[in-house]
Amino acid sequence: MSDNSFGRLLRVTTFGESHGPAIGCVIDGCPPGIAIAAVDFRADLDRRATGKSRHTSQRHEADEVEILSGVYEGRTTGAPVGLLVRNTDARSKDYSKIAEQFRPGHADYTYWQKYGIRDPRGGGRSSARETTMRVAAAVIAKRWLFDKYGITVQGHVSQIAGIRPRGFDAAAIEGNPFFWPDASQVAELEAFMDALRKSGDSVGARVDVVAHNVPPGWGEPIYGKLDGDLAAAMMSINAVKGVEIGAGFASIGQKGSEHRDLMSPAGFASNHAGGIVGGISSGQDVTCSVAFKPTSSLRLPGDTVDVNGQPVEVITTGRHDPCVGLRAPPICEAMMALVLMDHALRHRAQCGDVGPVSPLVPGSVP
């Protein structure tokens, strides 16, 4: 496996498997002087973690971060930052019956075809467990972005199966197990997820993530566009099958007179572009929507083949998410923050001496 790193000036490499002894990451290119301690990782890792409600996998990991390198007396030194999280609640025996079967919709078959060997325990390297380290790395990125530019990044679930929010209250997002922006619908979602879990099936979800206070000018046309790197980062998350920037696919049904974001000295009249034009940030909010497929780990029987090509029936036991998107907002936030920090460093390297040239009020949308 030769492509476990992303980013250019801020480069993150992750390692480890779902049921191995530990998972970890190395953050190279991290600027010196960022205040960070092990306790600072707790909040976001708790937001991503399984077992926090009955609606997610009941795997209970401690997710305690060990800082191995790159931090001295509570501040980054400029050396590679090494982070480690030990796996404490893996149950590999849950996968013994399917070790020689390919689960439909999983990476079992494709990993086998590529490498001729696979780790069947929890999906091995293809498990969403790997995203723990992206979230951990982004704790540093979020802090740097906020301290340097006042940038904040927030995600929420904007659709579960066919259910959409009836309203939007940012204050409600962290107050329920669904990252849902309408508190009046939480009881409805609880009932829906309870029935889904009892049925043994799963559903998909949509996650929206927005970055506020992003300055104009970030992005590297033509092959390092900010939206291109964001799309690639979001698509690298397990179970993601679609990414939209701004209006996304809704722009197909818009006329040009509607889609274009008209401008005045007071700012932009709309933000269908999602804060990125020509691959470069415009100074508006950067918005992205991510589609998560239904998880394929089901206790409902289904047809598949084994490693010998023989037809078999597969039933997946163990602890799995009936809707993997419910834990995804912190992961999408992480990828947004890491991409933005990388582009901030890239912009500073080439264009750091270019002064403010925008005649518009940054981030202004009526």
So, in the range 198-211, how many residues would count as being surrounded by fewer than 16 Cβ atoms within 10 Å (Cβ to Cβ) and either small (G, A, S) or touching a residue at least 24 places away in the same chain (Cβ under 8 Å) (or both)?
3
The conditions are (1) assigned to a helix (DSSP H, G or I); (2) touching a strand residue (DSSP E or B) at 6+ places or on another chain (Cβ under 7 Å), and G242 fails exactly one of them. Which is it?
(1)
Of I237, I222, the only residue that is surrounded by 18 or more Cβ atoms within 10 Å (Cβ to Cβ), assigned to a loop (DSSP other than H, G, I, E, B) and either in contact (Cβ under 8 Å) with a residue 12 or more places away in the chain or of a type outside the set (K, R) (or both) is I237
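Do you know which residues across the range 64-91 are under 21 Å from the mean Cα position of the chain (by Cα) and either on the phi > 0 side of the Ramachandran plot or at pLDDT below 95 (or both)?
Those that are under 21 Å from the mean Cα position of the chain (by Cα) and either on the phi > 0 side of the Ramachandran plot or at pLDDT below 95 (or both): E64, R86, N87.
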Identity of the residue in the range 275-321, among the acidic types (D, E) and under 30 Å from V339 (Cβ atoms), that ends up modelled with the highest pLDDT:
D285
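Looking only at residues that are basic (K, R) and in contact with a helix residue (DSSP H, G or I) (Cβ under 8 Å, 6 or more places away or on another chain) in the range 19-63, which one is modelled with the lowest pLDDT?
Within the range 19-63, the first condition is being basic (K, R), and the residues that meet it are 42, 47-48, 52, 54, 59.
Of the ones still in play, those that are also in contact with a helix residue (DSSP H, G or I) (Cβ under 8 Å, 6 or more places away or on another chain) are 47-48, 52, 54.
Working: R47: 93, R48: 87, K52: 63, R54: 71.
Only one residue tops the list, namely K52.
Restricting attention to the range 202-232, which residues are touching a Leu at 6+ places or on another chain (Cβ under 7 Å), under 18 Å from D285 (Cα atoms) and of a type in the set (G, A, S)? Break it down into steps so the answer makes sense when it comes.
Going through the range 202-232, the residues touching a Leu at 6+ places or on another chain (Cβ under 7 Å) turn out to be 202-203, 205, 211, 214, 218-219.
Next, only the ones that are under 18 Å from D285 (Cα atoms) stay: 211, 214, 218-219.
Passing the criteria: A211, G219.
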Exactly one condition in (1) within 23 Å of K148 (Cβ to Cβ); (2) loosely packed, with under 14 Cβ neighbours inside 10 Å; (3) at pLDDT below 95 is not met by P359; state its number.
(1)
Quick check: is even one residue across the range 336-353 surrounded by 13 or more Cβ atoms within 10 Å (Cβ to Cβ) and at pLDDT below 85?
no
Do any residues in the range 174-196 that are surrounded by fewer than 14 Cβ atoms within 10 Å (Cβ to Cβ) have Cβ atoms under 7 Å from those of residues that are assigned to a helix (DSSP H, G or I) and modelled with pLDDT of 95 or more, where the two are at least six apart or on different chains, and which pairs are they?
G175/A183
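The values are calculated or read from the model by the stated rules, or taken from the named source; none is laboratory data. In this text, all values refer to a predicted model and were calculated from it rather than measured experimentally. Note: ideal-geometry Cβ built from the backbone for every residue, glycine included; neighbour counts use all protein chains shown.
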